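Student: Structure incoming, see below.
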Amino acid sequence: MFIMAILLVLCAWVWGGWRWVLLWPAASCLVMAAGYLGLGARVVGKDSAGHFAPWSFIVCGPYLLYYNGIARLGCGLRSDRAYDQIAPGLWLGRHPSIGELPSAAVWLVDVVTEMPRLRGYVDDEHYLGFPMLDGDIAPVDEFRAVVQRVAGLDGDVLIHCAAGRGRSATVMAGVLLARRLADTPEQAVEMIRAVRPGISVNGKQMRVLRASQLSVVRGQ
């Protein structure tokens, strides 16, 4: 992100003219870099109700447009299903369209920061937003709280991020542990992968999952 911002600034500086508009996406990249360097998902301005702040498009607009385009294109090119049932009452999927939703799901758990909330599927009471940056995960204490909240829901739950591969898969693994459907983080991830082979839980996500496991289980 930081390197991209520098390149855009240099392009604007060297060629000038209308290219000064490149400072907008450069600033957007710098804001996102700050998010990954420690400020977290709040730099985007999406709240727990799924609403973007009025300033979100001004600050992050170029990145959000780019991300949504790439995410939609990626979902169209991949062979992944829109969603999969990982365990009874637990569904994992990508950012859905209206026609791509499990009819049984009562709760929608949205962990994607960069894409808008899906409207017309569940009411505000049954929507839970826990924004996390792509390829990232919440800090251990926050992650544990998210897992405990989701694990305690009554009724079928769909957990989704952009592609249904990383953030949402990590939260799903935590829920499997909290509900005692898996004994270890590794087993939880493999249970998900057996149903949805395309998942990709990275090193940081796995570390947070491991660090959260004992506390989640002991807290029951």
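Student: If you take the residues of segment 65-74 that are surrounded by fewer than 19 Cβ atoms within 10 Å (Cβ to Cβ) and closer than 26 Å to residue 124 by Cβ, which of them is farthest from the chain's Cα centre (by Cα)?
Tutor: 72
Student: Condition first: among the basic types (Lys, Arg) and either closer than 19 Å to residue 135 by Cβ or assigned to a helix (DSSP H, G or I) (or both). Now tell me which residues in segment 167-207 satisfy that.
Tutor: Within segment 167-207, 167, 193, 196, 204, 207 meet the criteria.
Student: Read through the list (1) buried (at least 18 other Cβ atoms within 10 Å of the Cβ); (2) within 15 Å of the chain's Cα centre (by Cα), then give the number of the only condition that residue 62 fails.
Tutor: Every listed condition holds for residue 62 apart from (2).
Student: Restricting segment 31-58 to residues that are in a loop (DSSP other than H, G, I, E, B) and without any contact (Cβ under 8 Å) to a residue 40 or more places away in the chain, which is surrounded by the fewest Cβ atoms within 10 Å (Cβ to Cβ)?
Tutor: 54
Student: Inside segment 179-195, can you point out the residues that are touching a Lys or Arg at 6+ places or on another chain (Cβ under 9 Å) and surrounded by 23 or more Cβ atoms within 10 Å (Cβ to Cβ)?
Tutor: 185
Student: A further question on this structure: Any idea which of (1) touching a residue at least 40 places away in the same chain (Cβ under 8 Å); (2) part of a loop (DSSP other than H, G, I, E, B); (3) on the phi < 0 side of the Ramachandran plot is the one residue 148 doesn't satisfy?
Tutor: (2)
Student: Can you tell me which of 112, 122, 140 is surrounded by 14 or more Cβ atoms within 10 Å (Cβ to Cβ), more than 17 Å from the chain's Cα centre (by Cα) and assigned by TED's automatic domain parsing to the domain that holds residue 182?
Tutor: 122
Student: Now for a different question. Which number in (1) more than 16 Å from residue 130 (Cβ to Cβ); (2) modelled with pLDDT of 95 or more; (3) surrounded by 19 or more Cβ atoms within 10 Å (Cβ to Cβ) marks the one condition that residue 88 misses?
Tutor: Exception for residue 88: condition (3).
Student: Of 174, 135, which residue is over 14 Å from the mean Cα position of the chain (by Cα) and either of a type in the set (Gly, Ala, Ser) or at positive phi (or both)? If you could, list the steps in order and put the result at the bottom.
Tutor: Working: 135 fails: over 14 Å from the mean Cα position of the chain (by Cα).
Residue meeting the stated conditions: 174.
Student: Select from segment 1-23 the residues that are in contact (Cβ under 8 Å) with a residue 12 or more places away in the chain and surrounded by 15 or more Cβ atoms within 10 Å (Cβ to Cβ) and write down the one among them that is farthest from residue 129 (Cα to Cα).
Tutor: Out of the qualifying residues, it is 12.
Student: Which one of the conditions (1) in contact with a Leu (Cβ under 8 Å, 6 or more places away or on another chain); (2) modelled with pLDDT of 90 or more; (3) surrounded by 15 or more Cβ atoms within 10 Å (Cβ to Cβ) does residue 102 fail to meet, given that it meets all the rest?
Tutor: Unmet for residue 102, out of (1) in contact with a Leu (Cβ under 8 Å, 6 or more places away or on another chain); (2) modelled with pLDDT of 90 or more; (3) surrounded by 15 or more Cβ atoms within 10 Å (Cβ to Cβ): (2).
Student: Consider residue 55 carefully, then state whether it is modelled with pLDDT of 85 or more, outside the structural domain of residue 164 (by TED's automatic domain parsing) and over 24 Å from residue 171 (Cβ atoms).
Tutor: For residue 55, the condition - modelled with pLDDT of 85 or more, outside the structural domain of residue 164 (by TED's automatic domain parsing) and over 24 Å from residue 171 (Cβ atoms) - is met.
The values are calculated or read from the model by the stated rules, or taken from the named source; none is laboratory data. Computed from a predicted model, the values in this text were never measured in an experiment. Here the Cβ is made from the backbone with ideal geometry for all residues, glycine too, and neighbour counts use every protein chain on show.
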